[in-house]
1. Hey, could you check the range 1-26 for residues that are touching a Ser or Thr at 6+ places or on another chain (Cβ under 8 Å) and without any contact (Cβ under 8 Å) to a residue 40 or more places away in the chain and say which is farthest from SER70 (Cα to Cα)?
2. Among the numbered criteria (1) without any contact (Cβ under 8 Å) to a residue 40 or more places away in the chain; (2) crowded, with 16+ Cβ neighbours inside 10 Å; (3) in contact with a Cys (Cβ under 7 Å, 6 or more places away or on another chain), which single criterion is violated by CYS45?
3. Cβ-Cβ below 8 Å, separation at least six or inter-chain, first residue in the range 112-130 and at positive phi, second surrounded by fewer than 24 Cβ atoms within 10 Å (Cβ to Cβ) and not in a helix (DSSP H, G or I): which pairs?
4. Here's a check for you: in the range 90-123, which residue that is polar (S, T, N, Q) and more than 21 Å from THR210 (Cβ to Cβ) is farthest from the chain's Cα centre (by Cα)?
5. Would you mind stating whether SER120 is surrounded by 15 or more Cβ atoms within 10 Å (Cβ to Cβ), hydroxyl-bearing (Ser, Thr, Tyr) and assigned to a strand (DSSP E or B)?
6. Of the conditions (1) of a type outside the set (Gly, Ala, Ser); (2) over 26 Å from ASN151 (Cα atoms); (3) surrounded by fewer than 19 Cβ atoms within 10 Å (Cβ to Cβ), LEU40 clears all except one; give me its number.
Amino acid sequence: MTQTVLITGAASGIGLAMTQQYLAQGNQVTACCRSSSDALAALDCEVVTDVDVTQPESVDRLKSKLAGRSIDILINCAGLLTNESLDDLCFNRIQTQWEVNALGPLRMTEALLPCLNEGSKIAMITSRMGSIGDNTSGSRYGYRMSKAALNAASKSLAEDLKPCGISVAILHPGLVSTRMIGFSGDISPAEAAQRLMVRIEQLDLTNTGTFWHSNGDVLPW
């Protein structure tokens, strides 16, 4: 069955790989990004540029563009990672990560709720670095804090949207070889996308709000 999928952060990395794979399955994809890439432009899908999840006006324009349309799967994939240590606490960078990683997905989800229906699914691409129980190495203050906040918001969304028949997955993709981490990961964006899509396929109201590794393991909060 053809599904309608909207993906943020679709110009590169995991977002691009998920766009490619959902299209290969015959789905209709709306790929959102701040600016497109050659790889994204080459795909046969709707590309919406100038989508900045930190800017309410930008998100409102997208909301207006999609008014009256339905979304089966909303994937909030746009993200930002910088490295702050206790010796280098750049609060501007921490604030920017908070805006992109925590408030951005919540803002996008709230704006697109009119497009979601009973049976729709929301996938929040988070990180196990947002897990407090899993933190044994410290550092990465902005990224850890913002992803922990995203996890908390996503859990609340899962509870609030369950009566509407809308389920929410909180998904760690793995250590993925993308530009964000200097291509030092141990799996490719294509493999991460495939595993994430399996988790989304398995998502329903019985497991909504679960914090998963893309390999299927349930992660600690």
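1. ALA11
2. (3)
3. Short answer, once both residue conditions are applied: GLY119/ASP72; GLY119/GLY165; GLY119/ILE166.
4. Applying the first criterion (polar (S, T, N, Q)) to the range 90-123 yields 92, 95-97, 101, 109, 117, 120.
Narrowing the set further to residues that are more than 21 Å from THR210 (Cβ to Cβ) leaves 92, 95-97, 117.
Details: ASN92: 22, GLN95: 19, THR96: 16, GLN97: 14, ASN117: 19 Å.
Within the range 90-123, the match that is farthest from the chain's Cα centre (by Cα) is ASN92.
5. Working: surrounded by 15 or more Cβ atoms within 10 Å (Cβ to Cβ): yes; hydroxyl-bearing (Ser, Thr, Tyr): yes; assigned to a strand (DSSP E or B): yes.
Taking the combined requirement at face value, the residue satisfies it.
6. (3) is the only condition that LEU40 fails.
To keep it simple, each residue is scored yes or no on (1) touching a Lys or Arg at 6+ places or on another chain (Cβ under 9 Å); (2) on the phi > 0 side of the Ramachandran plot; (3) modelled with pLDDT of 95 or more.
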{"site": "ALA158", "(1), (2), (3)": "no, no, yes"}
{"site": "VAL168", "(1), (2), (3)": "yes, no, yes"}
{"site": "PHE183", "(1), (2), (3)": "no, yes, no"}
{"site": "ILE187", "(1), (2), (3)": "yes, no, no"}
{"site": "ALA193", "(1), (2), (3)": "no, no, yes"}
{"site": "GLN202", "(1), (2), (3)": "no, no, yes"}
{"site": "ASN207", "(1), (2), (3)": "no, no, yes"}
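The values are calculated or read from the model by the stated rules, or taken from the named source; none is laboratory data. Since this is a predicted model, take the numbers as computed values, not measurements. With ideal geometry, Cβ positions are generated from the backbone for all residues, glycine too; neighbour counts draw on all protein chains shown.
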